[in-house]
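J.: What follows is a single structure, and I will ask about it in a moment.
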């Protein structure tokens with residue numbers, strides 16, 4: 001559950017946040033990658049479409065919901081980065 | 001204790017039953033106080049599923065079937081008056097509803113039940129239903145799984161957002177001049193005909209009418225007022241999925257989509273007393289049935305789950321009474337605070353305001369449980 005702060009280690013893993021390449025330390029969360037990338041938002045809420053960024057970073061607030069490697073509504077703070085991971089904006093409610 | 005505060009009605013219980021009656025009385029022009037126990041209470045109104053559901057209510061009890069239908073009919077008016085009073089959108093959507101059957105036996109049993117309901121309804125308020133086979137049903141709900149054999153449908157059913165409903169009733173009540181008192185468990189009461197005193201939250205309230213709508217608390221409270229409320233807790237559990245884009249055209253008994261997009265999965269029943277712990281076996285059964293009904297649900301994340309206690313009268317049928325010993329004291333007991341909100345606000349409250357329950361409520365009296373002397 002607890003992960004090391006990302007700046008404590010060198011950025012060695014390349015991921016893509018909304019298509020933009022960013023280098024992050026191994027073991028960082030996808031939500032940390034979103035913040036390091038300086039993205040303006042990682043989701044648009046399902047009711048009003050308001051833009052949101054990661055907030056609690058510990059799996060509680062659901063504001064970091066993102067599309068991760070094509071899977072919708074993933075809590076980005078709860079998954080570790082992997083080389084080449086694609087983290088994209090979750091636009092509203094997922095479709096099923 | 002402070003000096004007594006006088007009202008025209010005291011309502012004990014700030015859940016859906018008490019709040020709907022309180023709003024109805026306030027709308028009738030009565031000066032009311034609503035006493036709400038606090039978060040120590042079991043609060044069925046904050047754990048329920050949110051169906052407005054007529055098709056399963058009142059088998060073998062035509063008066064209950066009729067009362068439920070009156071309530072379903074009154075619901076659009078209740079939603080409208082809450083919108084007018086406080087601008088609330090309680091999310092009423094009443095397109096009819098289905099009860100899914102996952103085997104031929106379930107389908108046959110359901111058909112028998114629906115046929116009995118229709119027979120018992122008679123001609124004054126006919127019960128229209130259809131048993132719909134899977135191929136036609138798939139046209140209505142394309143996401144159905146291959147295990148679904150068919151469903152019963154009635155046009156009366158629907159759903160609302162129960163938390164918005166509770167909030168809207170409270171706001172409408174206080175907006176109409178009603179006084180809401182939180183953390184007000186009844187500590188003591190004195191009853192005399194049309195003259196009641198209730199001590200709660202360190203205050204004294206007096207009124208010529210008292211309405212007991214304290215859910216499971218009514219069982220202990222009712223005898224203080226010459227009434228009887230034999231109700232027991234019956235546990236139900238609910239699973240909640242992540243929000244998804246609108247997918248269902250209508251609610252089912254066990255799966256519905258909220259106005260915000262979450263799916264609620266439920267309809268479990270367990271007789272475990274005052275136990276609100278969640279049971280993995282029950283949760284697994286709810287999930288399994290939901291996935292058999294709609295296989296896509298297996299891909300969704302479950303984000304919350306809870307259990308709550310229904311207020312179940314001894315025979316499953318609502319109980320309404322006015323005290324014979326202390327006229328002016330009323331009870332309302334049921335496990336359908338959402339479905340019956342329409343009837344409670346628009347039909348029952350005017351009767352209580354007038355001081356007399358309509359004859360159509362006679363069969364709901366708890367006197368039906370009295371042991372008859374052997375001849």
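The values are calculated or read from the model by the stated rules, or taken from the named source; none is laboratory data. From a predicted model like this one, the values you see are computed outputs, not experimental measurements. Please note: Cβ atoms are built from the backbone with ideal geometry, for glycine as well, and neighbour counts cover all protein chains shown.
J.: Please tell me if residue B:59 is part of a loop (DSSP other than H, G, I, E, B), under 20 Å from residue B:162 (Cα atoms) and outside the structural domain of residue B:361 (by TED's automatic domain parsing).
T.: When the stated conditions are applied, residue B:59 does not pass them.
J.: What's the number of the condition residue B:255 fails, among (1) over 23 Å from residue B:147 (Cβ atoms); (2) surrounded by 14 or more Cβ atoms within 10 Å (Cβ to Cβ)?
T.: (1)
J.: Here's something else I'd like to know. Here is a check on your reading of the model: is residue B:250 assigned to a loop (DSSP other than H, G, I, E, B) and closer than 26 Å to residue B:102 by Cβ? Full working, then the answer.
T.: Values: assigned to a loop (DSSP other than H, G, I, E, B): yes; closer than 26 Å to residue B:102 by Cβ: yes.
Considered against the rule, which asks whether it is assigned to a loop (DSSP other than H, G, I, E, B) and closer than 26 Å to residue B:102 by Cβ, residue B:250 comes out as yes.
J.: Are any residues in the stretch B:331-375 surrounded by fewer than 17 Cβ atoms within 10 Å (Cβ to Cβ), in a helix (DSSP H, G or I) and without any contact (Cβ under 8 Å) to a residue 40 or more places away in the chain, and if so, which ones?
T.: Selection gives B:354, B:359, B:362.
J.: Taking into account only those residues within the stretch A:65-96 that are more than 13 Å from every other protein chain (Cβ to nearest Cβ) and assigned to a loop (DSSP other than H, G, I, E, B), which is farthest from residue A:12 (Cα to Cα)?
T.: The qualifying residue farthest from residue A:12 (Cα to Cα) is A:69.
J.: Which residues, counting only those in the stretch B:80-105, are surrounded by fewer than 17 Cβ atoms within 10 Å (Cβ to Cβ) and in a helix (DSSP H, G or I)?
T.: B:80, B:83, B:84, B:104, B:105
J.: Right, another one. Those residues that are free of Cβ contacts under 8 Å to residues at least 40 places away in the same chain and either in the same structural domain as residue B:130 (by TED's automatic domain parsing) or closer than 15 Å to residue B:156 by Cα (or both), I need them from the stretch B:77-102; list them, please.
T.: none
J.: Restricting to the stretch B:210-233, what's the tally of residues that are assigned to a loop (DSSP other than H, G, I, E, B) and surrounded by fewer than 23 Cβ atoms within 10 Å (Cβ to Cβ)?
T.: 3
J.: Now, a different point. Specify the residue that is surrounded by the most Cβ atoms within 10 Å (Cβ to Cβ); the eligible residues are those in the stretch B:35-58 that are farther than 26 Å from residue B:260 by Cβ and within 17 Å of the chain's Cα centre (by Cα). Outline the logic, then answer.
T.: First, the residues of the stretch B:35-58 that are farther than 26 Å from residue B:260 by Cβ: B:35, B:37-38, B:40, B:57-58.
Filter again for within 17 Å of the chain's Cα centre (by Cα), leaving B:57-58.
Values: B:57: 25, B:58: 22.
Looking at residues that are farther than 26 Å from residue B:260 by Cβ and within 17 Å of the chain's Cα centre (by Cα), I get B:57.
J.: Where the second residue is in a strand (DSSP E or B) and surrounded by fewer than 21 Cβ atoms within 10 Å (Cβ to Cβ) and the first is away from chain A (no Cβ under 14 Å) and lies in the stretch B:238-263, which pairs have Cβ atoms under 6 Å and are six or more apart or on separate chains?
T.: B:238/B:306; B:239/B:302; B:239/B:305
J.: Taking into account only those residues within the stretch B:264-292 that are away from chain A (no Cβ under 14 Å), outside any strand (DSSP E or B) and touching a residue at least 60 places away in the same chain (Cβ under 8 Å), which is surrounded by the most Cβ atoms within 10 Å (Cβ to Cβ)?
T.: If we take residues in the stretch B:264-292 being away from chain A (no Cβ under 14 Å), outside any strand (DSSP E or B) and touching a residue at least 60 places away in the same chain (Cβ under 8 Å), then B:266 is surrounded by the most Cβ atoms within 10 Å (Cβ to Cβ).
J.: Could you count how many residues in the stretch B:139-162 are in a helix (DSSP H, G or I) and loosely packed, with under 15 Cβ neighbours inside 10 Å?
T.: 1
J.: List, please: which pairs have Cβ atoms under 7 Å, are six or more places apart or on different chains, and start with a residue in the stretch A:47-64 that is within 13 Å of chain B (Cβ to nearest Cβ) and end with one that is surrounded by fewer than 13 Cβ atoms within 10 Å (Cβ to Cβ) and assigned to a loop (DSSP other than H, G, I, E, B)?
T.: A:47/B:260
J.: Does residue B:19 meet the test of being touching a residue at least 12 places away in the same chain (Cβ under 8 Å), under 23 Å from residue B:159 (Cβ atoms) and in contact with a helix residue (DSSP H, G or I) (Cβ under 6 Å, 6 or more places away or on another chain)?
T.: Against the criterion (touching a residue at least 12 places away in the same chain (Cβ under 8 Å), under 23 Å from residue B:159 (Cβ atoms) and in contact with a helix residue (DSSP H, G or I) (Cβ under 6 Å, 6 or more places away or on another chain)), residue B:19 qualifies.
A quick yes/no check of all residues on (1) more than 10 Å from residue A:89 (Cα to Cα); (2) surrounded by fewer than 19 Cβ atoms within 10 Å (Cβ to Cβ); (3) out of contact with any strand residue (DSSP E or B) (no Cβ under 7 Å at 6 or more places or on another chain):
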{"residue": "A:31", "(1), (2), (3)": "yes, no, yes"}
{"residue": "A:39", "(1), (2), (3)": "no, no, no"}
{"residue": "A:43", "(1), (2), (3)": "no, no, no"}
{"residue": "A:47", "(1), (2), (3)": "yes, yes, yes"}
{"residue": "A:58", "(1), (2), (3)": "yes, yes, yes"}
{"residue": "A:62", "(1), (2), (3)": "yes, yes, no"}
{"residue": "A:72", "(1), (2), (3)": "no, no, no"}
